[in-house]
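Below: the structure, in structure tokens.
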Number of protein chains: 2
Amino acid sequence: EQTQYESLDYDVCENKLFQDEQLSRLRDRFSLRTHIIRWIIFILIGIITAVIACTIDIVIEELSELKYNFLKSSVDDNVTVNKSGGDLALPYLWWLLLSAVPVAIGAGMVTYIEPITAGSGIPQVKSYLNGVKIPRIVRVKTLAVKSIGVITSVVGGLAGGKEGPMIHAGAVVAAGISQGKSTTFVKDFHIFKAFRDDHEKRDFVLGGAAAGVSAAFGAPIGGMLFSLEEAASFWNQNLIWRTLIASIISSFTLNIVLSAYHGVSGLTFTGLFNLGKFDHPLTFEYFELPLFMLLGVMGGLMGAAWNFLNTQINKFRSRFVPWRAGKVCEAVLVAILGVTLACAMIYYINDCRPLGNDPTIHPVQLFCEDNEYNAVAALWFQTPEATVRALFHDPPGSHKILTLAVFTIVYYLLSCSTFGLNVSLGVFIPTALVGAAWGRLVAMLLFYMFPEAQFLHPGKYALIGAAANLGGVLRMTISLSVILMETTGVETSFFFPLIIALISAKWVGDYFNDGIYDTVIEVNHVPMLPWEPLPQYKGLTAQAILSKPVVCIKLRDRAHYIYEVLHKCNHNGFPVVDDVEGDRRSEGRVCGIILRSQLIVILLKSLYVENQRFWQQETTIQTFRDVYPRYPSIQSVKPLDRKFNYTVDLSMFMNPSPVRVNTYDSVPRIFNIFRALGLRHLLVINNENRIEGIITRRDFIYK
Amino acid sequence: EQTQYESLDYDVCENKLFQDEQLSRLRDRFSLRTHIIRWIIFILIGIITAVIACTIDIVIEELSELKYNFLKSSVDDNVTVNKSGGDLALPYLWWLLLSAVPVAIGAGMVTYIEPITAGSGIPQVKSYLNGVKIPRIVRVKTLAVKSIGVITSVVGGLAGGKEGPMIHAGAVVAAGISQGKSTTFVKDFHIFKAFRDDHEKRDFVLGGAAAGVSAAFGAPIGGMLFSLEEAASFWNQNLIWRTLIASIISSFTLNIVLSAYHGVSGLTFTGLFNLGKFDHPLTFEYFELPLFMLLGVMGGLMGAAWNFLNTQINKFRSRFVPWRAGKVCEAVLVAILGVTLACAMIYYINDCRPLGNDPTIHPVQLFCEDNEYNAVAALWFQTPEATVRALFHDPPGSHKILTLAVFTIVYYLLSCSTFGLNVSLGVFIPTALVGAAWGRLVAMLLFYMFPEAQFLHPGKYALIGAAANLGGVLRMTISLSVILMETTGVETSFFFPLIIALISAKWVGDYFNDGIYDTVIEVNHVPMLPWEPLPQYKGLTAQAILSKPVVCIKLRDRAHYIYEVLHKCNHNGFPVVDDVEGDRRSEGRVCGIILRSQLIVILLKSLYVENQRFWQQETTIQTFRDVYPRYPSIQSVKPLDRKFNYTVDLSMFMNPSPVRVNTYDSVPRIFNIFRALGLRHLLVINNENRIEGIITRRDFIYK
Ligand SMILES: Nc1ncnc2c1ncn2[C@@H]1O[C@H](COP(=O)(O)OP(=O)(O)OP(=O)(O)O)[C@@H](O)[C@H]1O
Ligand SMILES: Nc1ncnc2c1ncn2[C@@H]1O[C@H](COP(=O)(O)OP(=O)(O)OP(=O)(O)O)[C@@H](O)[C@H]1O
Ligand SMILES: [Mg+2]
Ligand SMILES: [Mg+2]
């Protein structure tokens, strides 16, 4: 189970072929051109990601508008106004239909066409950036399914958000553009060939994820920090710079498109703040700080409980609903449950507000007076994102305490059962929504008790509550705080309360369990490298975690030996050794490392010493890049027959400078090296440079 | 000359003693305690840095207020109003006096007490964070001189800012607190002993620099990014997290203190935006983007010219004004020149504005009508920072074109001759001021030509001009853009124009020369590691840059050999070798590396094999830490006499896991390793693990 994921090669293989290419580039000023092209690609990534995000955004908005407008008029038509015995059955059925059908479509597409698109996408992108290859994660097909999936699910009214999928979309766009080819369309545009390796691709995906965050939240700096927090193993100024540009371009494009769409001129479309801009600077008093901290603690507790509950539900699910049709049904059931709960709330809670400084765009009259609207329906008759916005910005007194309390509980449970369904939905917005609801609730309760406490601005507490709940569920502190700041336009001076809430939530939550993304990653057995070596490895040496005996290959080895090794074991890297007595390869002196993919290409193209004159001229590093990223398997190599005893000379193909450590080096030390350099294989040698063992990502996690 | 700087050891020496300590920590849960203490220190750094910054701020403000109030009344008293023949001689003399005296004090202190405090401090902090030990840079004495120096110079009216020194102050605070001892006060508080090594200290200084930026600009995220852009070699989430906390705490403290000082309640003191908050969101039209880019190009050109001119002036200076008294005189002369030019401007340019929506706090009437004030005097009768604020926020029509044009030229030249004087002054504010002036000028000129172009908001163009000029002079793009955003409170949507201006300025400027900080660093021959390997090293292998023969020490070597080696050569690291035939050490097998400082401690404390029973018990890693950071020199070791032939066994002292590379590894590759791991020495070995050469920071730069 643990072996279904392979790693990316962030370490560049500087073999002879690579050096030759470098030299030729030196001559023809190729490197300047590559440099410029790289910039252009980053800019393109920003633009296209934003366009996709906008499209998703606008389609969701339009369809939701249609849906809720229709429902509103249906309610109004069917309820005999002012008589509390109106007939809600028909609108309820309509609502059920308009929720179940889109959800069924979305869940069906995800389940039957591309299951990898289920969920938020952030855990997958995070794993990818950490260096784990997740199959099919950056394909165009994935992008298409994910986009349609997220639109249908949000329109269907599930308790989820579009942000995670948008970030995933950014990653796909980045991988797609930078490679200049698409597996889905079986099309190779023969451009950007120089960027076809894991190292370059991962850098682009970093930019794509940043552009995605930027487009999802209108938060360019938050986007860059998100990428950094989740990904970059070492800080490379140029890379960060390009990432920032991608995310700025993305937010600018978003601005242009949305301004045009909303018919606003002057490029100050505040829809970029997609959680709504706080117009007046939020102020706070010193004595509120402990309160913020308490909210943080509460967020941590609720978040940890949410994560626990969600994990249990998902365990239950994967045990009892293994079949595909069942998964679709489940999603539809949750949608129906949501609608039913909402209807019940609207029906039983009587919360009428005067129309006027009316914060909602679909005021439903229902059983209210003529100049009033139903505040409960207002919470439900819009997308979750719009509800967050409402909770942040509604004037004080827009809700009843009971309404919000019930809403919080209902939405908490709904979002908990939604995340993990086979639909493309993120967890950011529902989490923020729950947090905003109880944050506002706390302010309202306190204000009820201390009516003279003017500082209890409910919108402010909704924001703090959202931050606390997000901190408790996601545990991403740095980027989250910046994203929240950028997406609500609060001032730098309010950064401190936000951070207080976030950090207390994170610390309290961390005491109980992991963040939700990390939980998903763990449940899927993805070998993610943590930030620091696991505590149990303190005080150990390489000896304790290395694998041996190591399967090695001689610098000049027989074709059939390689062929057999590739068949027999599924390792991806083999140390190349020299100075071997007979066949005792695993005692040889290390002189390099070679990857399985390279060996397969060598066998496929018959790059043997004996027929060197046939291939020596035209074999370049491009020969190897051309098959990237889907290398053929060893099964596709025909039996060697006549070439059985031919010799392979690895000296020009292998990576001659693998990173080596000593048997007695401490694990924390080699972990840092492994992580900082983004390695895939680490060779352990003794004082005579003879191989002692090999360490991969897996050994740091599971041993 | 190039050898006056040594490097920091960012790589932890994991020798036997260290391992022992680790094991004992594992037992007594020491590591949790260390962890918490580390957090507390970062918080303290934030608080104290902010308090120092506030103090500097407030003292400057109060003194300037006094000074300019006095000058104003002196002008008003002496000028017979409405007669253009008023007597300006006395006010001029007063002004001269009130400028020359503080500047003389500041320059005198810097020159005679602590010359390292001259200039901005950012280049030094940058070098330190890059891994170069700059002597005396983080001492308390340096901090004191720098603080008083910056106050006197700004009050004296020199064309400089307090921001650079504040950042430097943050670094000193960080180093001071984290080490729990001070060389200046010859006082060891015996606390925080576990943090006494270069690695920990550098991490704290990173936080200190961030806190400094945060306090100087009220820009917490900018502070964190500044530290990252300038420093961190690899991205460690925990470190970044602590850095962010330090800078947030710092900006929060600043907020509290300044709110209290200004008597504002509610913690929304906008003085945090120390370049003034733009109240209305800045808007822009698409067709302005090329204009912004043009401004950027202009900024690049002007910045490059400024850097060139400044370097020439400084070369001239160091050639012709070598004596200390001369340097003080020079500073005074520049101050006098400034005052004279300002007076001349005020005298000859007749720019009267109606009082009323009066943007200046010291309106000088001078030769104007009774209800008018002199707009030229308004530019000069305040600190440069206040002038930047004025240029950003003054309503359209506050200045004449001629005034601003002359002002730009005068200030450009003044700031150019100021930076490099022996005073503690940064370059940020004057650069921003020049940029704001010509930015505003451009808008005014364009508006003069196209009076119907309403988009030509002069404040907006002043901001873009400031960004462009800063980009052209400093070339720090990422953090600069965020700092500008945070310190003026502009919205995310205006990020794009800022970046366009900054990036075009940087690219144009980079075509001509380096940023001013890098120029200073280069002029001082500091061996800074660049971000990428220098282009001329592309295609080379380690062979090309390594030093050999390498001075090595045997694993068990004679005391007198070590003694002599330390006397004979001044290297700081020596490979430890084994398996040596006779005395041919430089052909031995590498088994570790030992630092000069460790060897000296060994000799000083007589840690020989022969008397092992006397010291073995009480020698721990603390023995070595106690002498940190000012290790005794070899001269302080008494001649060995009787112990001449004693043996030193290095196996428990040396670092047993030095990073090793192969002779044929490419230079870009080993450069990346060197930088990512923050190394000091890199050993080059052959396939038998025998030493082939050694590479240090210097070899990547000067070979
Ligand atoms: N050439 C080898 N010889 C012996 N053991 C190996 C070799 N390569 C890897 N291993 C070990 O096999 C186990 C599983 O290897 P793993 O699948 O992680 O390696 P990989 O497939 O080469 O790399 P990755 O999966 O990270 O892409 C690990 O414990 C690893 O140490
Ligand atoms: N042990 C050694 N034997 C021979 N050459 C050395 C040795 N150590 C350093 N060198 C070389 O001497 C030159 C100057 O060394 P340098 O002063 O940079 O080393 P260091 O003082 O040990 O380290 P640093 O100055 O970076 O703290 C460099 O070219 C370096 O390669
Ligand atoms: Mg594997
Ligand atoms: Mg040296």
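Can you give me the long-range amide H partners of B:Glu491? Hydrogens built in the peptide plane at 1.01 Å from N, cutoff under 5 Å, separation of 5 or more residues or another chain.
B:Leu282
Cβ neighbours within 10 Å, averaged per peptide: list B:327-337, B:370-380 in order, most packed at the top.
Working: B:327-337: 20.5, B:370-380: 22.1.
Packing proxy ranking, top to bottom: B:370-380, B:327-337.
Hey, got the average number of other protein chain Cβ atoms within 10 angstrom for residues in B:4-17? Don't jump to the answer; show the numbers that get you there.
Details: counts 0, 0, 0, 0, 0, 0, 0, 2, 4, 0, 6, 0, 0, 0.
Counting Cβ atoms of other protein chains within 10 Å of each residue's Cβ and averaging gives 1.
Compare each residue of region A:276-320 in its chain alone against the assembly with all protein chains, and report those whose accessible area goes down by 50 Å² or more; 1.4 Å probe, heavy atoms.
Residues shielded by partner chains are A:Phe284, A:Tyr286.
Within 10 Å of each Cβ in peptide B:664-675, how many partner chain Cβ atoms are there on average? Round it to a whole number, please.
Per-residue shielding by partner chains comes out at 4.
Using θ = phi - 60° and the Karplus relation 6.51 cos²θ - 1.76 cosθ + 1.60, list the HN-Hα couplings for region B:8-13 in order, rounded to whole Hz, with x at every Gly or Pro.
For region B:8-13, the Karplus curve yields 8, 9, 7, 6, 6, 7 Hz.
Just want the answer: with Cβ charges of +1 for Lys and Arg and -1 for Asp and Glu, which residue in B:Ile562, B:Ser606, B:Ala544 is farthest toward the dipole's positive end in region B:535-702?
Highest projection toward the positive end goes to B:Ala544.
In region B:234-262, which residues become less accessible by 30 Å² or more once every protein chain is in place, relative to the chain on its own, using a 1.4 Å probe?
B:Phe234, B:Trp235, B:Gln237, B:Asn238, B:Trp241, B:Leu244, B:Ile248, B:Phe252
What does the C-alpha gyration tensor say about the overall shape of region B:288-523? Classify as rounded when a/c is under 1.5, otherwise prolate if a/b is larger than b/c, or oblate.
oblate
Which of the helices in chain B meet the span-like rule: DSSP H, Cα axial reach of 20 Å or more, Kyte-Doolittle mean at least 1.0?
Span-like helices here: B:89-112, B:140-156, B:324-348, B:401-418, B:428-449, B:495-512.
Starting from one equal scatterer on each C-alpha and no solvent at all, send me the Debye-based log10 I(q)/I(0) for the protein assembly as shown at q = 0.06, 0.07 Å⁻¹, two decimals.
Debye curve over Cα of the protein assembly as shown, log10 I(q)/I(0) at q = 0.06, 0.07 Å⁻¹: -0.60, -0.82.
Starting at the first residue of region A:188-195, write each ³J(HN,Hα) from the Karplus equation 6.51 cos²θ - 1.76 cosθ + 1.60 with θ = phi - 60°, in whole Hz, x for Gly and Pro.
10, 7, 6, 10, 6, 5, 5, 9
Give the shape of region B:290-419 as rounded, prolate or oblate, defined through the alpha-carbon gyration tensor: a ≥ b ≥ c are the square roots of its eigenvalues, a/c under 1.5 means rounded, and otherwise the shape is prolate if a/b is larger than b/c and oblate if not.
Verdict is oblate for region B:290-419.
Please work out the FRET efficiency for the pair A:Phe70 and A:Leu402, using the Cβ-Cβ distance as r and a Förster radius of 30 Å; give the result to the nearest 0.05. Intermediate values should be presented prior to the final figure.
Working: r = 28 Å, r/R0 = 0.95.
The computed FRET efficiency comes out at 0.60.
Could you give the dipole magnitude of the protein assembly as shown about its Cα centre, charging the beta-carbon of Lys and Arg +1 and that of Asp and Glu -1, in debye to the nearest 20?
My answer is approximately 4260 debye.
If you average the sequence gap of Cα pairs under 8 Å that are 6 or more apart and divide by the length of region A:288-523, what percent do you get for the contact order?
The value is 32 percent.
If Lys and Arg each add +1 and Asp and Glu each add -1, what is the summed charge of the other residues whose beta carbon sits under 15 Å from the beta carbon of A:Glu564?
With Lys, Arg at +1 and Asp, Glu at -1, the net is +4.
Please give the residues from region A:443-482 for which the solvent-accessible area of heavy atoms, probe 1.4 Å, is smaller by at least 50 Å² with all protein chains in place than with the chain isolated.
Residues shielded by partner chains are A:Ile478.
If you average the alpha carbon positions of region A:614-654 and of region B:357-434, how far apart do those two centres end up, in angstrom?
Result: 70 Å between the Cα centres.
Starting from the eigenvalues of the Cα gyration tensor, five times each then square-rooted, give me the equivalent ellipsoid semi-axes of region B:447-601, largest first, whole Å.
57, 16, 13
Taking the dipole about the Cα centre of region A:288-523, with the C-beta of Lys and Arg at +1 and of Asp and Glu at -1, give me whichever of A:Leu441, A:Pro322, A:Ser424 is farthest to the positive side.
A:Pro322
Percent of accessible area on region B:535-702 owned by carbon and sulfur, 1.4 Å probe?
Using a 1.4 Å probe with all protein chains present, region B:535-702 comes out at 50 percent carbon and sulfur.
Would you please give the residues with an amide H less than 5 Å from that of B:Val132, counting only those at least 5 places away or on a separate chain, with H modeled from the backbone geometry?
B:Leu8
Expressed as a whole percentage, what fraction of the accessible surface of region A:42-272 belongs to carbon and sulfur atoms when a 1.4 Å probe is rolled over the protein heavy atoms? If you can, show how the numbers build up before the last one.
Details: 4550 of 6860 Å².
The value for region A:42-272 is 66 percent carbon and sulfur by accessible area.
Which residues' amide hydrogens lie under 5 Å from the amide hydrogen of A:Gly592, considering only partners 5 or more residues apart or on another chain, with H built in the peptide plane?
It is A:Val576, by chain and number.
Can you give me the orientation-averaged projected area of the convex hull built on the Cα atoms of region B:589-644, in nm²?
With every direction weighted equally, the projected area is 5.0 nm².
Once phi is turned into ³J(HN,Hα) by the Karplus curve 6.51 cos²θ - 1.76 cosθ + 1.60 with θ = phi - 60°, what whole-Hz value does each residue of region A:611-628 show in order, with x for glycine and proline?
So the J values, rounded to whole Hz, are 10, 4, 4, 7, 10, 4, 5, 8, 7, 10, 5, 5, 3, 7, 5, 4, 8, 5.
Arranged from highest to lowest average of other beta-carbon atoms within 10 Å per residue, in what order do the peptides B:462-469, A:563-570, A:508-515 appear?
B:462-469, A:508-515, A:563-570
Kirkwood-based Rg over Rh for region A:42-272 (C-alpha set), two decimals?
Over the Cα atoms of region A:42-272, Rg/Rh equals 1.07.
Among A:Ile191, A:Phe217, A:Ser178, whose Cα projects farthest towards the positive end of the dipole of region A:166-224, with charges put on the beta-carbon of Lys, Arg (+1) and Asp, Glu (-1)?
Positive-end residue among those listed: A:Ile191.
From the label point of A:Asn570, set 7 Å along Cα to the beta carbon, how far off in nm is each other copy's matching point, shortest first?
When each copy's label point is compared with this one, the spacings are 6.0 nm.
For the interface of A with B, what's the total buried accessible surface in square angstrom, probe 1.4 angstrom, rounded to the nearest hundred?
The summed interface area works out to 7100 Å².
What distance in nm separates the simple spin-label points at A:Ile349 and A:Gln312, each placed 7 Å from Cα in the Cβ direction?
Each label point is offset 7 Å from its Cα along the Cβ direction, giving 2.4 nm.
Could you tell me the relative contact order of region A:451-576? Use alpha-carbon pairs under 8 Å, at least six residues apart, and round to a whole percent.
Relative contact order for region A:451-576 comes out at 22 percent.
Set the bar at 21 Å for Cα to Cα. Now go through A:Lys146/A:Lys277; B:Lys315/B:Lys506; B:Lys126/B:Lys201; A:Lys554/A:Lys643; A:Lys277/A:Lys460 and name every pair that lies beyond it.
A:Lys146/A:Lys277; B:Lys315/B:Lys506
Find the relative contact order for chain A and round it to a whole percent, using C-alpha pairs within less than 8 Å whose residues are 6+ positions apart.
18 percent.
Over all directions, the average projected area of the alpha-carbon convex hull for region A:597-703 comes to how many nm²?
9.2 nm²
How much accessible area per residue does the protein assembly as shown have, counting only protein heavy atoms and a probe of 1.4 Å, in square angstrom?
I get 37 Å² per residue for the protein assembly as shown.
Which value, in Å² rounded to 10, gives the accessible area of B:Ile401 with a 1.4 Å probe and all protein chains present?
B:Ile401 exposes around 50 Å² with every protein chain in place.
Tell me the Kirkwood radius of chain A: reciprocal of the mean inverse pair distance over distinct alpha-carbon atoms, in Å.
27.4 Å
If you check each cysteine of chain B for another cysteine whose beta-carbon is under 4.7 Å away, which ones come up empty?
B:Cys13, B:Cys54, B:Cys329, B:Cys343, B:Cys416, B:Cys552, B:Cys569, B:Cys591 - these cysteines have no disulfide-compatible partner (Cβ-Cβ under 4.7 Å) in chain B.
Using the Cα centre as the reference, give the magnitude of the dipole from point charges on the C-beta atoms of chain A (Lys, Arg: +1; Asp, Glu: -1; all else neutral), rounded to the nearest 20 debye.
Around 2360 debye, computed over chain A.
The values are calculated or read from the model by the stated rules, or taken from the named source; none is laboratory data. In this text the structure is predicted, and so the values were computed from the model without any measurement. Heads up, the Cβs are rebuilt from the backbone with ideal geometry, glycines too, and the neighbour counts pull from every protein chain shown. Remember, those area values only see protein heavy atoms, side chains included, never the ligands or the DNA or RNA. Shrake-Rupley method; radii C 1.70, N 1.55, O 1.52, S 1.80 Å.
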